[in-house]
Each structure stands twice: as C-alpha cells, then as structure tokens.
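Novice: Take this structure, written in structure tokens, and hold onto it; I'll ask about it next.
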Amino acid sequence: MKILILGVNGFIGHHLTKRILAEKSGWTVYGMDLGTERLGESLTNPRFNFLEGDIAINKEWIEYHIKKCDVVMPLVAIATPKLYVEDPIAVYNLDFEMNVNIVKLCVKYHKRVVFPSTSEVYGACTEPEFKEDESFLVTGPINKERWIYSCCKQLLDRVIYAYGTRGQLEFTLFRPFNWVGPRLDSLNTAKEGSSRVVTQFIAELLMNRPINLVDGGRQKRCFTYVDDGIAALVRILENKNDICKNQIINIGNPANECSVKELAEILKKLFQEHPEHKNDKSYSEILDISADTYYGKGYQDIYTRKPSIEKARKLLNWEPQIGLEESMKLTLNSFLEENRNAVI
Ligand code: UGA
C-alpha cells in the first residue's frame, strides 16, 4: 500500500510514519512537510519518500502523489486553541480551504481519504459520552472565535460524508481526543504560551514559571497516549473487509479522564520525582488565571469531553492500553530528554 501523508512531520504524522515503517514491510509512505525535525531515522528509510514543501505551493507534487498513492492522509492543520483566537482567518485558510482542495482531488482520482476530524467538533456538547453518529455538535456565538476550528472541521466532515454517501469518495474520519506523547508541541511554542496544555505545563515546570489553570482548571479531558492512537490508526489504514469504509471513529481513552487541575498536580509530582530535577531549589507554583486574561475575549472553554469508544472497539478490535499517569510520565520524560541542553 502506498500512503500519502501531508503534514508528515507533525505530531500524528511522524509517529504514524515511524510505526508504519517498523511494522508494515509492504507499505510505502510519501510525505510532505515544511520541516523535518521530528522525522529522525524515518528520513533514511528506503520506504519513506519525503518532500520539504508547502501545501499551499507544491500543488503539482501533491496532485501527482494523490494519483500515485492508494490512501491519502491530509494532516496539515493549525490545532492549538491559542491560535484559533489569535488568527482565525489563518485557521480557516489552512484547516478548511487547503484541505477541502485535497478532498476534491481524492474525489477526482477515486482515492481513499483517512481524514483527521477532531474531538472539538462535539464542542460544548453536554452528553456524558460523545457518540459519533448520535451526539449533537454544539458551538458558541460568532464573537467567540475559538469555535472557528470546530466549525471548519465540522464542515469538512459534512462535505466528506456527503461525497461518501453519493458514492464519490471512500473515507474514514477519525476523531482524536487529546492525544499526548513525545514531540506534541515544542519548547518554543510553549515559551510563547501557545502549546496544548500538557506540553505547556511540562515546559512551565522546566522553565520554573507558574502553571496557569484557566478558570481554576475544572475542565476535563481524556488524555490519550499517542501509541494507543497510532495503533487504532494503523487498523483504520488496514481496513480489513472494508470495515472502516465511510465511518466516523472516535479515538480516545475515556478511562484517562481528569481535570486540568489534576493534570497540573500529576505533572508537578512527576517533575519533582524526576532524577534530574528532584533536587531543584524551587518548583513552579500552580495559579488560577481567567480565560480572558490567558486567551483573550474570543475564547470559550469546553468543560467535559469524553468519547464513547464502542465503535472503535467493535470495528477495530482496539482498546487503549496506557493509563493516565504512565502517559504523562512518558510524555514528560521524553520532553525533558529532548530539551536537556535547551537554552531556557
Ligand atoms: C485541543 C485542540 O483544539 C486540538 O489540539 C485538538 O483538536 C483537540 O483538543 C484534541 O486534541 O482533542 P483543548 O483540549 O481545549 O483543544 O486544548 P488544550 O490547549 O490542550 O487545553 C486543554 C485545557 O487546558 C483547556 O481547558 C485550557 O483552557 C486549559 N489550559 C491550557 C490551561 O488551563 N492552562 C494552560 O496553560 C493551557
């Protein structure tokens, strides 16, 4: 199988590539990205073909490779909430417009697309567990610009689904729920305060800056270790007996639900126990901050977000394995290892 991954140097793209190259000897990956810093040894693997390029510029290369490959994974997107508020137009241009063009090329060349939807499409849904084919998708008013990401992704889901039901596209939409792990976000994005919460908190601990709990940190997320997520994705790509054809599948770990405040406490404890930091003179304080101060007026939070994974269990015969504390430990240790010599 030939797989085209756009955004192959991203968090999901590089982990998936590494796993495919290690476990699937008959599969070849064609990847494009702006950079290579996460790709490591994959770059020298003969079954990995890489172009350093831009989805907005290298259009001929993309069209040629969509034609050439069997499956297309368009993983290029802005996925950090701070940027939804700061630059909603950039989110729309990249996350929607660029991606809808790729989807249309998959329609044109009859190629299967495995597309990243997001837990964010459920928005402020109040159901105890979000179900792919039943739950309401709830967003806030237009002046809360945070929802542009959710809306872009939702509209793409609807466009892809409509092509699918009209027989013009074979697709699988997967919805990651707060995947975490090595190389989620960089220290540099955390310095600017625009990382996702787990990297942001680990980086604050490393920089000995305060950990900010937005609105007291009572919001809950189900943090899912990336290796579990990637295992599900590989099964989606395998697509045995066409089981994932035109399906939407949540990929998350409901057992790992915790509040942002609990998350801060776990990470601080793990940092204080870490061999290189157990003798530090002082540690980050955990402070409350208002959402307006942290993100600006265009932000609105999501208080609970728990996936139903019945569909993933049934279709993929998959079950997440890695618990919350273990996920955090693996993520923290790898971040500290990779930033051991970083200038802070
Ligand atoms: C994320 C992003 O939208 C996407 O990466 C993705 O599609 C989706 O969720 C997902 O991975 O499932 P969110 O969970 O809100 O959204 O993003 P984080 O930035 O990781 O924030 C989680 C929570 O921590 C939020 O309630 C936020 O207010 C809080 N937070 C964040 C803090 O309390 N302090 C911080 O310093 C940063």
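Novice: With a cut-off of at most 13 other beta carbons within 10 Å, and DSSP calling the residue loop, which GluC sites (Glu not before Pro) in region 230-321 qualify? Please list them.
Specialist: GLU276, GLU285
Novice: Provide, in order from the shortest bin, the percent of all Cα-Cα pairs of region 62-128 in each 10 Å bin, continuing until the bin that contains the maximum pair distance.
Specialist: Bin by bin from 0 Å, the calculated values are 19, 41, 28, 11, 1.
Novice: What is the log10 of I(q)/I(0) for the chain, computed with the Debye formula using one identical point scatterer on each Cα and no solvent, at q = 0.12 Å⁻¹?
Specialist: -0.86
Novice: How many lysine pairs does region 242-305 hold where the Cα atoms are under 20 Å apart and the two sit 8 or more places apart or on different chains?
Specialist: Close lysine pairs under the 20 Å cut-off: 5.
Novice: Turning to a different aspect of this structure: Report the FRET efficiency, 1/(1 + (r/R0)^6), for LEU155 and ASN279, where r is their Cβ-Cβ distance and R0 is 35 Å, rounded to 0.05.
Specialist: 0.10
Novice: Taking the DSSP beta bridges in the chain as the whole, what percent of them are antiparallel, to the nearest 5?
Specialist: That works out to approximately 10 percent antiparallel.
Novice: Report, ordered by chain and residue number, the aspartates and glutamates lying within cross-link reach of LYS131, taken as a straight Cα distance under 15 Å and ignoring same-chain residues fewer than 8 apart.
Specialist: In chain and number order, the partners are GLU120, ASP157, GLU310.
Novice: Take the Cβ-Cβ distance between ASN101 and GLN321 as r, set R0 to 30 Å, and report the resulting FRET efficiency rounded to the nearest 0.05.
Specialist: 0.20
Novice: Test of the criteria: in region 24-105, which GluC sites (Glu not before Pro) are in a DSSP loop and have at most 15 other Cβ atoms within 10 angstrom of their Cβ?
Specialist: Numbers: sites: GLU37, GLU41, GLU52, GLU60, GLU63, GLU86, GLU97; in loops: GLU37.
Hits after loop and neighbour filter: GLU37.
Novice: Under the rule of at least 5 residues apart or a separate chain, name every residue whose amide H is placed under 5 Å from the amide H of LEU51.
Specialist: For LEU51, the qualifying residues are GLY31, MET32, ASP33.
Novice: In Å and from the alpha-carbon atoms only, list the Rg and Dmax of region 211-326.
Specialist: 18.1, 58
Novice: Kindly provide the helix-only [θ] at 222 nm of the chain, computed as the sum of -39,500 (n - 2.57) over DSSP H runs of four or more divided by all residues, to the nearest 500 deg cm²/dmol?
Specialist: -11500 deg cm²/dmol
Novice: Does anyone have the angle between helix 260-273 and the longest principal axis of the chain? Alpha-carbon axes, 0 to 90°, nearest 10?
Specialist: It is inclined by approximately 70 degrees.
Novice: Same structure again: Calculate the spin-label point distance for HIS110 paired with LEU34, positioning each point 7 Å from the Cα along the beta-carbon direction, and give it in nanometres.
Specialist: Using points 7 Å along Cα→Cβ, the separation is 3.6 nm.
Novice: When the Debye formula is applied to the Cα atoms of region 123-218, each taken as the same point scatterer, what base-10 log of I(q)/I(0) results at q = 0.13, 0.15, 0.21, 0.22 Å⁻¹?
Specialist: Taken in order of the listed q values, log10 I(q)/I(0) reads -0.68, -0.86, -1.19, -1.21.
Novice: Same structure, new question: Please arrange HIS65, HIS110, HIS277 by counting, for each residue, the other beta carbons lying within 10 Å of its beta carbon, fewest first.
Specialist: Lowest count first: HIS110, HIS277, HIS65.
Novice: Okay, moving on. Please give the helix 226-238 orientation as an angle from the longest Cα principal axis of the chain, in degrees from 0 to 90, rounded to the nearest 10.
Specialist: 10
Novice: Cα-based Rg of region 11-145 per 2.2 N^0.38 Å, rounded to two decimals?
Specialist: 1.20
Novice: Quick one: in region 174-255, what % of C-alpha pairs are over 15 Å apart? Write out the running numbers ahead of the final one.
Specialist: Working: 2157 of 3321 pairs.
In whole percent, the long-distance tail amounts to 65.
Novice: Another question, then. Measuring from label point to label point, each 7 Å out along Cα→Cβ, what is the PHE136 to MET1 span in nm?
Specialist: Here the modelled spin labels are 3.7 nm apart.
Novice: Right, next: Measure up LYS24/LYS329; LYS18/LYS153; LYS68/LYS104; LYS82/LYS191 against 23 Å on the Cα-Cα distance and list the ones that go over.
Specialist: Checking Cα-Cα distances, LYS24/LYS329; LYS18/LYS153 exceed 23 Å.
Novice: Suppose R0 equals 25 Å; then what is the FRET efficiency for GLU41 and TYR294 from their Cβ-Cβ distance, rounded to the nearest 0.05?
Specialist: The computed FRET efficiency comes out at 0.10.
Novice: Still on this structure, please answer the following. Sort out the exposed loop trypsin sites (Lys or Arg not before Pro) in the chain (DSSP loop, at most 10 other Cβ within 10 Å) and tell me the longest stretch that has none.
Specialist: 1-165
Novice: Per 0.36 nm of contour for each residue apart, how much would the distance between ASN143 and TRP61 grow if the chain were fully extended, relative to their Cα-Cα spacing?
Specialist: Once the chain is fully extended between ASN143 and TRP61, it gains 25.7 nm.
Novice: Taking the chain as the reference, fit the longest principal axis to its C-alpha atoms, fit the long axis of helix 324-338 to the helix C-alpha atoms, and give the angle between the two in degrees, 0 to 90, nearest 10.
Specialist: 90
A short reminder: the numbers here are calculations on the coordinates, not readings from a lab. For clarity, every value in this text was computed on a predicted model and none was experimentally measured. Neighbour counts run over all protein chains shown; Cβ positions are idealised from the backbone, glycine included.
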